[in-house]
Amino acid sequence: MQPLAVERRSEDGVELVLVEGEVDIATASKLISVLNSSVAEAIKSVVVDLTHVGFMDSTGLALLINARRRLSLRRKGFAVVCPPGQLRRVFEITDMIDTLHVCPDRESAQEASAPA
């Protein structure tokens with residue numbers, strides 16, 4: 001199992017959460033902590049970059065859905081960076097591509113995350 005690393009940056013009002021490793025019930029607390037502060041402090045939106053995540057279970061998916069819902073209530077944007085591949089199938093199978101604004105790269109995710 002690859003340990004989870006989570007880094008947070010702010011760029012022009014967008015909270016960028018960079019995730020690397022595996023997201024599951026055992027590692028979720030690290031991601032929850034960073035997501036909570038990003039959601040609370042977002043000026044415009046939050047973009048979660050999963051480009052370097054090798055595995056994510058339903059725990060990770062639930063965290064993303066919850067973060068999006070909380071941001072939506074505050075009229076803030078949300079998007080996920082997830083290039084085509086095995087992890088993207090999780091979003092396709094659960095029909096979450098549109099709901100979570102899943103994009104293949106960071107640039108398109110930042111555009112998609114613009115608040116409505």
Some residue of segment 59-78 being aliphatic (A, V, I, L, M) and in contact (Cβ under 8 Å) with a residue 40 or more places away in the chain: yes
Whichever residue in segment 5-16 is at pLDDT 95 or above and among the hydrophobic types (A, V, I, L, M, F, W, C) and, among such residues, is surrounded by the most Cβ atoms within 10 Å (Cβ to Cβ): L16
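Within segment 8-22, is even one residue on the phi < 0 side of the Ramachandran plot, within 12 Å of the chain's Cα centre (by Cα) and of a type in the set (K, R)? Let's see the steps before the verdict.
So the first thing to find is which residues in segment 8-22 are on the phi < 0 side of the Ramachandran plot, and the list is 8-11, 14-20, 22.
Next cut, within 12 Å of the chain's Cα centre (by Cα) only: 8, 15-20.
Within this subset, residues satisfying the condition of being of a type in the set (K, R) are 8.
Looking through segment 8-22, at least one residue is on the phi < 0 side of the Ramachandran plot, within 12 Å of the chain's Cα centre (by Cα) and of a type in the set (K, R).
The values are calculated or read from the model by the stated rules, or taken from the named source; none is laboratory data. Computed from a prediction, not measured in an experiment: that's the story for all the values here. Virtual Cβ from ideal backbone geometry, glycine too; neighbours counted across all protein chains shown.
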